[in-house]
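Notes follow the structure.
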């Protein structure tokens, strides 16, 4: 095997890692910005309080009195979820042809799926304080998960796989 082929072969995992890194980072940052803006508008939460709200999934109400450590924990948990979503999409992408054929639609649908899984399974199973359903907040949250989480993950992943087939 030539040195050139070895270089190409060894760079494929690095390219996949780079794609996951960027899609998780972009989705995580955009989702954080949206959460801070929307939760401030709805509940007057500050940026640290939004991150503590995320941390309250693990720590319960104590997260809100935990100061900087629970803000950092909230940021950490938030990005763990963003990267988990990026990893899932990256590895499912080549197996489901629809994702590559319709990247915008599939990204938007992925965002809806993210919202549903988070709000129907993950959050209720966590220590986050239960709150009444707000249809306006749900509509805004679904929209931001479609446009700012699902879509970027889909488009960044599509670009990776399109480059492999070029």
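A few comments on the model shown:
- Packing rank of 122-129, 145-152, where each peptide gets the mean count of other beta carbons within 10 Å, highest leading: 145-152, 122-129
- Mean separation of Cα contacts under 8 Å (6+ apart) over length of the chain, as relative contact order %: 32 percent
- Cα-Cα separations in the chain greater than 23 Å, expressed as whole percent: 43 percent
- As a proxy for reagent exposure, ranking 105, 155, 85, 120 by other Cβ atoms within 10 Å from fewest up yields 120, 105, 155, 85.
- In degrees, nearest ten, helix 151-164 long axis to first principal axis of the chain (Cα): 10 degrees
- Fewest-first ordering of 47, 157, 68, 19 by other beta carbons within 10 Å of each residue's beta carbon gives 68, 47, 19, 157.
- Compared with the dominant principal axis of the Cα atoms in the chain, helix 135-145 is inclined by about 30°.
- Ellipticity estimate at 222 nm from DSSP helix runs (n ≥ 4, -39,500 (n - 2.57)) divided over the chain, nearest 500: -25000 deg cm²/dmol
- For 144, 22, order by how many other beta-carbon atoms lie within 10 Å, fewest first: 22, 144
- Computed from Cα positions, the angle between helix 68-92 and the longest principal axis of the chain comes to roughly 40 degrees.
Coordinate-derived values only; no laboratory data. Small disclaimer: the values here were computed from a predicted structure and weren't measured. Backbone-built Cβ (ideal geometry, glycine too); neighbour counts: all protein chains shown.
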